[in-house]
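*Asks:* Before I ask anything, let me first share the structure, which is written out below as structure tokens.
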Amino acid sequence: MNFTETDEQVALRAAVADLGRKYGYAYFTRQARTGGRLTELWQEAGALGFIGVNLPAEYGGGGAGLYELSIVLEELAAAGCGLLMMVVSPAICGTILARFGTPEQKQRWLPKIASGSAIMAFGITEPDAGSNAHKLTTVATRDGDSWVLTGRKIYISGVDEAEAVLIVGRTADSKTGTLRPALFAVPTDAPGFSFQPLEMDVLMPEKQHLLFLDEVRLPADALVGEEGAALLQLFAGLNPERIMASAMAVGSARYALAKAVGYAKERTVWSVPIGAHQGLAHPLAQVKIELELARLMMQKAAVLYDAGDDMAAGEAANMAKYAAAEASIRVVDQAIQSLGGSSMTSEVGLAAMLANVRTTRIAPVSREMILNFVAQHSLGLPKSY
Ligand SMILES: Cc1cc2nc3c(=O)[nH]c(=O)nc-3n(C[C@H](O)[C@H](O)[C@H](O)COP(=O)(O)OP(=O)(O)OC[C@H]3O[C@@H](n4cnc5c(N)ncnc54)[C@H](O)[C@@H]3O)c2cc1C
């Protein structure tokens, strides 16, 4: 076991932190408040090789692992400008395509995803299925050489910025009629595909959308991976999603904690800086410990994933996402307390950050579904639902 990062990892962290400082939280909030996007940052990160650091070198990626990708997102978020679509495009979609795509699919999508010149969104959540993926009703039927896909998706991030969406649907077994999960790469300009933004009260430049798939006709090779084997393939993508959601939460919490500590060292309303009062110092120390524990679990999950142990990575990724969500909520809340009234100003932006990290308790998988997973799989307790 080694808790020391390699020279390359340390250098990557420093290079990404430099880029993050150039943009920062002021850029992030300004773009979010004015309906702008993070395009310049995304493109610069892509050009520097950060977006596709985990993807195979033969397809334009950096040939490193999810650990390195989580370094990129953590450092950008720690600078206040985390890129939500990194959770989706290189981590979920890039991983699934790299592991299960045909050579043609890899050639078509991976270089663009790696360079950041194309974004691939990911759509699993449905209005009537929510956390229960067994109730998905987006169904693909085979028609000659084509697939015809019909269904609805909700809360799908970044569709307006994406060239395609990796849709989790189901296909009907021709013999039994049983519906089995299947993944489809659906271009956002495909006839029959439309979307509309949802009004959200979280301050993020990336918008969430309702998707309408009305008899979207797709070529046979839009099916990613094998029909029927999609659950395994899906989890190969969802573990990276959970690790990257953890990285985003951990990074945001680092940003908030640094802000709070800086303020607590400077602000003096009695005779000493407010950070000298244990009423403020101890809760800050407590959340620092909780944050480091969450970060450690995130790193463990990434190392297990990169080592190819999908089962152990799955358990660790769920635990990491739980811990990162809870720690980041507590950190940002304590940062708000530390900054007093100024925390509520738009300039400081911590109130908005609380809503963002609060989302991590719900998405991409809710706290309760993780507790269900741990109760059942880690503890062997009966399934309750
Ligand atoms: C900002 C944002 C971005 C998102 N981006 C995407 C995206 O890009 N792609 C995508 O596919 N989805 C996306 N989502 C959707 C997200 O993954 C879902 O919101 C999440 O999975 C929860 O589903 P739901 O909202 O339908 O909640 P529901 O499933 O309706 O659950 C509601 C509540 O009930 C609880 N609950 C449900 N079942 C159980 C049970 N068996 N035991 C105990 N408690 C239970 C849940 O934990 C939750 O607290 C995004 C959501 C948000 C808020």
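The values are calculated or read from the model by the stated rules, or taken from the named source; none is laboratory data. Note that the structure is a prediction, hence the values are computed from the model and not measured. So basically every Cβ, Gly included, is an ideal-geometry build from the backbone, and we count neighbours across all protein chains shown.
*Asks:* Could you name every one of the strands (runs of 3 or more DSSP E) located completely within segment 120-231 that has at least 2 residues being at pLDDT 95 or above and basic (Lys, Arg)?
*Replies:* So the answer is 146-157.
*Asks:* Can you tell me which residue is nearest to GLN31 (Cα to Cα) among those in segment 369-380 that are away from the ligand (no atom under 13 Å from the Cβ) and more than 24 Å from the chain's Cα centre (by Cα)?
*Replies:* This residue is LEU379.
*Asks:* Somewhere in segment 332-339, is a residue β-branched (Val, Ile, Thr) and under 15 Å from ALA253 (Cβ atoms)?
*Replies:* yes
*Asks:* Something else about it: Within segment 98-112, can one find any residue that is among the β-branched types (Val, Ile, Thr) and assigned to a loop (DSSP other than H, G, I, E, B)?
*Replies:* Yes: segment 98-112 contains one or more residues that are among the β-branched types (Val, Ile, Thr) and assigned to a loop (DSSP other than H, G, I, E, B).
*Asks:* OK, next. So the check is Cβ under 7 Å with 6+ separation or different chains; which pairs have a first residue in segment 351-372 that's in contact (Cβ under 8 Å) with a residue 40 or more places away in the chain and a second one that's more than 6 Å from the ligand (Cβ to nearest atom) and in a loop (DSSP other than H, G, I, E, B)?
*Replies:* If the second residue must be more than 6 Å from the ligand (Cβ to nearest atom) and in a loop (DSSP other than H, G, I, E, B), the pairs left are ALA352/LEU203; ALA355/ASP201; ALA355/LEU203; ASN356/LEU203; ASN356/MET204; ARG367/ARG361.
*Asks:* Here's another thing I want to ask about it. For segment 331-368, which positions are surrounded by fewer than 17 Cβ atoms within 10 Å (Cβ to Cβ), within 12 Å of the ligand (Cβ to nearest atom) and in a helix (DSSP H, G or I)?
*Replies:* Hits for segment 331-368 are ALA355, ARG358, ARG367, GLU368.
*Asks:* Can you name the residue in segment 40-67 that is without any contact (Cβ under 8 Å) to a residue 60 or more places away in the chain and assigned to a helix (DSSP H, G or I) and is also farthest from ALA302 (Cα to Cα) among such residues?
*Replies:* Step by step, filter segment 40-67, then rank; the result is GLU40.
*Asks:* Which condition from (1) within 12 Å of the ligand (Cβ to nearest atom); (2) more than 25 Å from SER366 (Cα to Cα) is the one that SER194 breaks?
*Replies:* (1)
*Asks:* Any residue that is over 13 Å from the mean Cα position of the chain (by Cα) and either of a type in the set (D, E, K, R) or within 13 Å of the ligand (Cβ to nearest atom) (or both) - is there at least one of those in segment 219-226?
*Replies:* yes
*Asks:* Can you tell me which of LYS265, LYS288 is free of Cβ contacts under 8 Å to residues at least 12 places away in the same chain and either assigned to a helix (DSSP H, G or I) or not aromatic (Phe, Trp, Tyr) (or both)?
*Replies:* That would be LYS265, the only listed residue that is free of Cβ contacts under 8 Å to residues at least 12 places away in the same chain and either assigned to a helix (DSSP H, G or I) or not aromatic (Phe, Trp, Tyr) (or both).
*Asks:* Quick test for you: out of TYR322, TYR385, pick the one residue that is modelled with pLDDT under 95 and within 16 Å of the ligand (Cβ to nearest atom).
*Replies:* The match here is TYR385.
*Asks:* Residues to consider are VAL148, VAL159, VAL165; find the one that is over 14 Å from PHE212 (Cβ atoms) and of a type in the set (A, V, I, L, M, F, W, C).
*Replies:* VAL148
*Asks:* Which one is farthest from the ligand (Cβ to nearest atom), of the residues in segment 115-139 that are touching a helix residue (DSSP H, G or I) at 6+ places or on another chain (Cβ under 9 Å) and aliphatic (A, V, I, L, M)?
*Replies:* If we take residues in segment 115-139 being touching a helix residue (DSSP H, G or I) at 6+ places or on another chain (Cβ under 9 Å) and aliphatic (A, V, I, L, M), then ALA118 is farthest from the ligand (Cβ to nearest atom).
*Asks:* Got at least one residue in segment 54-65 being loosely packed, with under 15 Cβ neighbours inside 10 Å, aliphatic (A, V, I, L, M) and closer than 23 Å to ARG108 by Cβ?
*Replies:* Yes, because at least one residue in segment 54-65 is loosely packed, with under 15 Cβ neighbours inside 10 Å, aliphatic (A, V, I, L, M) and closer than 23 Å to ARG108 by Cβ.
*Asks:* Can you confirm whether ALA77 is away from the ligand (no atom under 16 Å from the Cβ), in a helix (DSSP H, G or I) and crowded, with 24+ Cβ neighbours inside 10 Å?
*Replies:* no
*Asks:* Still on this structure, please answer the following. Assess whether ILE51 counts as being closer than 21 Å to GLY251 by Cβ, assigned by TED's automatic domain parsing to the domain that holds ALA17, more than 16 Å from the ligand (Cβ to nearest atom) and modelled with pLDDT of 95 or more.
*Replies:* yes
*Asks:* All but one of (1) free of Cβ contacts under 8 Å to residues at least 60 places away in the same chain; (2) closer than 21 Å to THR359 by Cβ; (3) acidic (Asp, Glu) hold for ASP189; state the number of the condition that does not hold.
*Replies:* With respect to (1) free of Cβ contacts under 8 Å to residues at least 60 places away in the same chain; (2) closer than 21 Å to THR359 by Cβ; (3) acidic (Asp, Glu), ASP189 is out only on (2).
*Asks:* Here's another thing I want to ask about it. Based on what the data block shows, is MET200 at negative phi and crowded, with 18+ Cβ neighbours inside 10 Å?
*Replies:* no
*Asks:* For segment 152-172, what are the residues that are free of Cβ contacts under 8 Å to residues at least 40 places away in the same chain and more than 16 Å from the ligand (Cβ to nearest atom)?
*Replies:* ALA172, the sole residue that qualifies.
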